[in-house]
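Below: one structure, written as structure tokens.
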Amino acid sequence: MKNPIYSASFIQAPAEWIPAAPYFKRSIKLRGEVKRAVLNISSLGIFVAEINGVRVGSDFMAPGWTNYNKRLQFYAYDVTNMLSENSELIVGVGNGWYSSRGGFPESKDGMYGTHPALIAALEINYKSGERDLILTDESWSVARSECLFSGIYDGEITDARIIPEFSEHAQILERDKSILIPLEGERVKEIEYVNPKSVFTTPAGECVIDFGQEVTGNIEFTLNAKGGETVTVNCAEVLDKDGNFYNANYRTARSEIVYTAKEGKQTYKAKYTFFGFRYIKLSGWPEEVKKENFRAIVMHSEMKRTGYFKCGHAKLNQLYSNVIWGQKDNFLDIPTDCPQRDERLGWTGDAQVFARTASINFDTERFYKKWLGDMASEQLPNGELPHVIPDALRVNGTRNSTAWSDASCIIPWEVYQAFGDKRVLRDSLPMMKKWHGYVKGRAGKKCLWIGDEHFGDWLGMDAPAGSYTGSTNKDLIASAYYYLITTILAKTCEVLGMKNDSYLLLAQRIRKAYKKEFIKRGKLTSDTQTAHVVTIHFGLVDDEPELKAKLGQRLVTLIEAFDDRLQTGFVGTPYLLDALTEVGRADKAYTLLLQERFPSWLFSVNQGATTIWEHWDSKNDKGEFWSTDMNSFNHYAYGACAGWFYRNILGIKPTSPAYKTFSIEPIPSEKLGFAKAQIETRSGVITSEWTYTDDGVRYSFSIPEGTTAEVTIDGVTKAYTPGTYTVWGRR
């Protein structure tokens, strides 16, 4: 039976009320004892529903961000126990992603529209067998709310003194209801709370609260005020070198709460937006500032934590914590690049390089499937894909880039490998084939993608002066990714029981052409760290072990020539440690991982980072900032290194989807002393641990029921059945 929400109408408040968030109200009179009542609800904007003053559900930022032109999720809530004989259903609707301004200068006011709207159907089934169906229509009354403004980037303006007056009726919005779909993604929830670490006055004389951890979510505060007193709260990620509040890197995002108080003691938190912050600045606070009157509310998609890592190196543990927080902070309904500035977009490049690590840290299956649905809906007929999903930039694929749009093939494959459900491949296959077809058309008979513009090794440290793009040849990167997605299509077709001969043959032709074009006399024509990383890690020289070893040695030489530091950007960094390990140089991978001099992962840890930075030098050792135009302190992409912790430090690698079979081949290091990891897979919980002792290295591992594993210790491989084991190895 079709959901009753399709029989409802979209309704709006008067246009002149913009930008205030309106309330919509409907009175409910029951006709008997209720068997079950379900509220089906969605909005163009962010909705918050209450029945008799009690919030319906515990979702935030609902209905999430989708391609609103084609897809709009609706939620279903069992409200049986919330109804009384005479009830009131009141729904507030804020601008949300639908009608907030776009983040970039070329984006227009209102990403999808300028006027938020509500649609709902309350279905009441009585024990008598009768049924009532209450639909949104012009009979609903509307009122101005206490929220005078809400915006994704700019925060909220609230006057708590306002008492809503429902003196007008809603207006019908004629809108195609076929865009409505049942909830696909994970629900966004209030997951945890962080209390302030300190309250202090900056050298500039401003009152600032430090929560000690950068978070994404909300700010809740309690105050005792006189009616009409106004408090302003601003957000920041960092302090400047003098210890003053700094948020110039938020660009045009105000990220601000302006709250006008009612009389007496009161508690407030924003309803229709979220913030990225570690610090908040208070202006106009009417009483003594006390830590206990504030808390940060961490909000993100409700994903189950599945991966855990700990070792004997305190700074590496902090780096791992930064990776986990970076994922939580940026997985709010979609995988955003950053949660704070006037962007917060679903950049496909960031998402694909991190997907494998993300799917170990958390159960991301449902999260990614929903986002892949939006990706497919944004694809152009010729296969092109925008850089960000949903396509808030509206460039409609005119700047396709390898490594970014390739997310359409890479993420479905990684999700399948992690969780084992073939449906993600089957559902994504049309999109995968269309994107691959587009790339194939650009590559032509030469089997190399040459001549188009790409982001390249974005933010590579070997970038020429004045450029954001590393020095690695973009044609090399594009052609390497062409080979990668071709092999993924071949494997996907095999999994789905389809012919894959054409993809296998094409992959061979691409590899041959790649070597001819980019490898001359055993050397890469683009002599960079990233060029060597993608050539090795994508398997382009797997058929020539001697050549692979030679390129591996050259990669090591390039690292050593840069004083044992990396020069890679968004393309090379996620695979750097793996590529070194594949050529037998895990020792050099450890050297890079534990490097503390700039540029390195631990450099930011030494600067006090609690999340992953966008730039290796977002802030230098003098406290100076990289820039204000593009400098996020909460960008998760470089956190892909944590996947190496699981795969190589502890050695846990799936050999079949969902870890039904897997291997454990740890690579211990005395620099860590000990290390342990746990992954909760679809096949059960896998653990691996090693500790250096006076007698050698003690290895412990567990293999869940229904699985088998091959374990390699000191070069000796043995098959193990389910159980928990301890094995001793050499120091």
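Please treat every number below as a calculation from the coordinates, not as lab data. Note that the structure is predicted; figures quoted are calculated from it, not measured. Don't worry about glycine lacking a Cβ; one is built from the backbone with ideal geometry, like all the others, and counts go over all protein chains shown.
Charge dipole (Cα centre; +1 on Lys/Arg Cβ, -1 on Asp/Glu Cβ; no other charges) of the chain amounts to roughly 1880 debye. Counted over the chain, the DSSP beta bridges are approximately 90% antiparallel. Below 19 Å, Cα to Cα, which lysines can LYS515 reach? Residues fewer than 8 away in the same chain don't count. By straight Cα distance, LYS515 reaches LYS440, LYS445, LYS446, LYS474, LYS523, LYS548, LYS550.
Setting aside same-chain residues fewer than 8 positions from LYS70, which lysines have a Cα under 17 Å from its Cα? Straight-distance partners of LYS70: LYS177, LYS369, LYS370.
Of the GluC sites (Glu not before Pro) in the range 125-195, the ones in a loop by DSSP (not H, G, I, E or B) with at most 15 other beta carbons within 10 Å are GLU130, GLU138, GLU165, GLU174. Please say if the range 183-284 is rounded, prolate or oblate, where rounded means a/c under 1.5 for a ≥ b ≥ c the square roots of the C-alpha gyration tensor eigenvalues, and otherwise the choice is prolate for a/b larger than b/c and oblate otherwise? The shape class here is oblate. The residues neighbouring GLY651, those whose beta-carbon lies less than 15 Å from its own, together hold a net charge of -1 under the Lys/Arg +1, Asp/Glu -1 convention. Within the straight-line cut-off of under 18 Å between alpha carbons, the aspartates and glutamates reachable from LYS310 are GLU665, GLU670, GLU680, GLU689, sequence neighbours fewer than 8 places apart in one chain being disregarded.
One entry in (1) 80, 63, 54; (2) 82, 59, 57; (3) 80, 65, 63 is Cα extents along the principal axes in Å calculated from the shown coordinates; its label is (1). Looking at PHE277, LEU594, PRO196, which one has the Cα that reaches farthest to the positive end of the dipole of the chain (charges on Cβ: Lys, Arg +1; Asp, Glu -1)? Positive-end residue among those listed: LEU594.
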